[in-house]
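Below you'll find the structure, written out as structure tokens, and then a few comments.
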Amino acid sequence: MSRIGKLPISVPAGVTVDQNKDGMVVVKGPKGELSQKVDRSIKMNMEDGHITFEIDEKSPVSQKQKQAFHGLYRALINNMVVGVSEGYKKEMELVGVGYRVSNQGNIIELSLGYTHPIFIQLPKEVKVETKTERNQNPQIILESCDKQLLGLICAKIRSFRMPEPYKGKGILFKGEVIRRKSGKSAAAK
């Protein structure tokens, strides 16, 4: 049995969770609506504001795969419930001389030291805000109810200038510490 899969999910007020015959789970709340297909080897039970998951022993899927699905689908549905009720927020900062960011609606414009600016069109499910204050690094604040989509977009933005260990420049998550390395001049001494 999965330790994560055993944990019940409490459904907050204002959030509805529905499952149809095909195994599609739809979660609706004040921040949006998300859906996820659940494998037939996992049974979802809803009673008095709690959701629990059980392994269907009659399913032809291997026992090891059923146990993996047990924890996986519990975590995915929990992320959906938290997302539609509270939402997720990621903050990133651009560290480097001349690095700038601005947005027009859901289009982000990044200046990262290349010969051209980079434009990114974000999906409508993601809200973006950019901050540029004097004597501070430019910031990108992303909000969404979909944790998976938000992580994917953050990874895409970060891929344009990965943080590097020698000068510490790049796109970092807020509060992230980059382990610095000394260059070859320190090795020669």
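The values are calculated or read from the model by the stated rules, or taken from the named source; none is laboratory data. Predicted model, so just to flag it, every value in this text is computed and none were measured. Cβ sites come from the backbone with ideal geometry, for glycine too, and all protein chains shown count toward neighbours. Side chains are part of the model used for accessible areas, which takes the heavy atoms of the whole protein and leaves out ligands, DNA and RNA. Shrake-Rupley method; radii C 1.70, N 1.55, O 1.52, S 1.80 Å.
Screening 54, 91 for residues that are more than 21 Å from the chain's Cα centre (by Cα), outside any loop (DSSP other than H, G, I, E, B) and within 30 Å of residue 9 (Cα to Cα) leaves exactly one candidate, 54. When the test is whether a residue is in contact (Cβ under 8 Å) with a residue 24 or more places away in the chain, surrounded by 14 or more Cβ atoms within 10 Å (Cβ to Cβ) and not acidic (Asp, Glu), residue 111 does not pass it. Checking each residue in the range 25-82 for being of a type in the set (Lys, Arg) and either open to solvent by less than 50 Å² (accessible area, probe 1.4 Å) or under 26 Å from residue 145 (Cβ atoms) (or both) picks out 28, 31, 37, 43, 66, 74.
Among all residues of the range 83-92, there is none that is of a type in the set (Ser, Thr, Tyr) and open to solvent by 50 Å² or more (accessible area, probe 1.4 Å). Considering each of 142, 172, 150 in turn, give the residue that is in contact with an Asp or Glu (Cβ under 6 Å, 6 or more places away or on another chain) and closer than 30 Å to residue 77 by Cα. Among 142, 172, 150, only 172 is in contact with an Asp or Glu (Cβ under 6 Å, 6 or more places away or on another chain) and closer than 30 Å to residue 77 by Cα. Residues in the range 114-149 that are in a loop (DSSP other than H, G, I, E, B) and surrounded by 11 or more Cβ atoms within 10 Å (Cβ to Cβ): 117, 122, 123, 125, 126, 132, 137, 138, 145, 146. Considering the range 9-40, the residues that are in a strand (DSSP E or B) and among the β-branched types (Val, Ile, Thr) include one that is nearest to residue 54 (Cα to Cα), namely 9.
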